[in-house]
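Right, one structure below, let's go through it.
Derivation of every value follows stated rules applied to the coordinates shown; laboratory data play no part. This one's a predicted model, so the numbers in the text were calculated from it and none came from an experiment. For neighbour counting, all protein chains shown are included, and Cβ atoms are generated from backbone atoms with ideal geometry for every residue, glycine included.
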Amino acid sequence: MAIAVMLIVLILIGMLYVYNQVQFKKAERSFPPNGKFITVDHYKLHYISEGTGQPVVFLHGGMLSSRDFKDVIHLAAKQGYHAIAFDRPGYGYSQRPKNEEITPITQANIVHKALKELGINQPIILVGHSWSGTMTLSYALQFSDKVAGIVLLAGAMYKEGYPAENGDVISKAITAPILGDIILNTLLKTPLAKGMATSMVRETFAPEQVPDGYKEEVYALGFRPTHFRANREDVLAFPKTAKNVCEKYKDITVPIVIVVGDKDPFGTIEHAERLKKDIPHAIYKVIPDIGHMIPELHPNIVMDNIHVISEIGTSFKMKV
């Protein structure tokens, strides 16, 4: 009897595995890469690049990929900037280094290497959203002479108040040996996972409306093994990195604008206020009646603050 039950379970897992692999390929056909690829340390990074002029580099949060900035990229290119947005390692169509710890610090270093490969030598304006708050600030700490200024959008910068500051059960299961691989390859294209994607997207955009097609895109691309694992690894890596790096935020001297929505449900206002204390010269803006997904829903707000950094220019650094 036990053998029969085990056999049935194995057959079921096998069927789920095959079904999921088919769905992963179908999802990628529905949302193919729309940018270019560059190789850094033997790993391919997918990126979008438009326009010419002052380089502006966009770092997305934990939800989707460089696509979160697609409307901002078009605006930036039209307004005289060279807009560049990477799929962070493991997200979208970028590969992620294996068998090594990947943190906001190491991801910043990977992006820096990619920019060098692209021949971007002029100091950049960095725009970081959500999870990438710490990554953006880490970049400025590591490569201060290569940063003209920073725009933080609903950024997470500290361990305290981070939604998973004490860990996350799902993330631990996904990153566990064997169990994680089984979950990633058999359950991501099931009704359970689809419901999870819908809930995640709705909560992330609340109280604003989710754009048409966004939920479908998140489920298609975000619920693939490499992307989903990368996100869960990042959730676990964030608290430790933020705790170690935050003591150095006060050393950042480049111009910086901190932007949050007053309806953001994730505690980013508290993070923004704390960062303003750590970096007194930062410009702090609370935008009324908006939530967390500023890049997707409010591209003009993003551009307004890129212009602020661009106009401040090097004179700001001289003053401080």
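Overview of results
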read-out: Shape of the stretch 163-273, Cα gyration tensor, a/c cut at 1.5; value: oblate
read-out: Net charge over other residues, Cβ less than 11 angstrom from the Cβ of L153 (K, R count +1; D, E count -1); value: -2
read-out: Cross-link table K36/K113; K116/K146; K194/K243; K44/K215, entries beyond 22 Å C-alpha to C-alpha; value: K194/K243; K44/K215
read-out: DSSP beta bridges in the chain [antiparallel fraction, %, rounded to 5]; value: 25 percent
read-out: Peptides 207-216, 78-87 ordered by average Cβ neighbours within 10 Å, highest first; value: 78-87, 207-216
read-out: Dipole magnitude of the chain, debye to nearest 20 (Cβ charges: Lys/Arg +1, Asp/Glu -1, about Cα centre); value: 620 debye
read-out: Isotropic mean projected area of the C-alpha convex hull, the chain (nm²); value: 16.6 nm²
read-out: Cβ crowding within 10 Å averaged over residues, with 191-202, 63-74 ranked highest first; value: 63-74, 191-202
read-out: 16 Å reach of a label modelled at H42, 7 Å along Cα-to-Cβ, counting backbone N of the stretch 90-109; value: 95-101
read-out: Integer Hz, Karplus 6.51/-1.76/1.60 couplings in order for the stretch 260-271, x for Gly and Pro; value: 9, x, 6, 9, 5, x, 10, x, 6, 5, 4, 5
read-out: In the stretch 92-124, the trypsin sites (Lys or Arg not before Pro) that fall in loop regions by DSSP, at most 11 other Cβ within 10 Å; value: K98
read-out: Using a Förster distance of 25 Å, the FRET efficiency for D289-K194 (Cβ separation, nearest 0.05); value: 0.25
read-out: Net charge, T134 excluded, C-beta distance under 14 Å - Lys, Arg +1, Asp, Glu -1; value: +1
read-out: Signed unit charges on C-beta, dipole axis of the chain, positive-most listed residue M293, T52, I13; value: I13
